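What follows is a set of notes on a single structure, which appears directly below.
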Amino acid sequence: MRLTFTRRGVFTALFAGLATLIGAPRAVSAAGPRTVRLQKWSCTNQDCDPYIYDPSVGDININDEDNPIPPGIAFEDLPDDWVCHVCGDPKSHFLPTGEWVEVVVSG
Ligand SMILES: [Zn+2]
């Protein structure tokens, strides 16, 4: 009997420890700012300067100027109808530059 109670106590402690381990990081990332590493993308239109989408800056979003793209949005996560605000070319005319930026975003 004594052994059984001891084992149960150990298991309970283990589960409590696991719950703390699993739960704690989520709570931290949801509450505080975090740093994400995102790539810059360049417009390939010859007439463009070129415009480079910089995730640390965001974009004015000419399709919906009341809702500009905030810093910290990956190019891949831009709306499908997003276009280059200089020449109007779609996302498919952009290529990754190979240059990465680190952006601090709030949780
Ligand atoms: Zn362009």
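I'd like to verify a number: residues in the range 57-100 that are surrounded by fewer than 15 Cβ atoms within 10 Å (Cβ to Cβ) and away from the ligand (no atom under 16 Å from the Cβ), how many?
14
When Trp41 is evaluated against the numbered criteria (1) modelled with pLDDT of 95 or more; (2) assigned to a loop (DSSP other than H, G, I, E, B); (3) within 16 Å of the ligand (Cβ to nearest atom), which criterion, by number, is the only one it fails?
For Trp41, the exception is condition (2).
Take Asp81 and decide whether it is more than 23 Å from Arg37 (Cβ to Cβ) and not hydroxyl-bearing (Ser, Thr, Tyr).
yes
Hey, can you tell me all the residues within the range 28-63 that are hydroxyl-bearing (Ser, Thr, Tyr) and in contact with a Cys (Cβ under 6 Å, 6 or more places away or on another chain)?
Hit for the range 28-63 is Tyr51, nothing else.
Do any residues in the range 85-99 that are in contact (Cβ under 8 Å) with a residue 12 or more places away in the chain have Cβ atoms under 9 Å from those of residues that are of a type in the set (Lys, Arg) and assigned to a strand (DSSP E or B), where the two are at least six apart or on different chains, and which pairs are they?
The qualifying pairs are Pro96/Lys40; Thr97/Lys40; Gly98/Lys40; Glu99/Lys40.
The values are calculated or read from the model by the stated rules, or taken from the named source; none is laboratory data. Because the structure is a prediction, the values reported are computed rather than measured. Please note: Cβ atoms are built from the backbone with ideal geometry, for glycine as well, and neighbour counts cover all protein chains shown.
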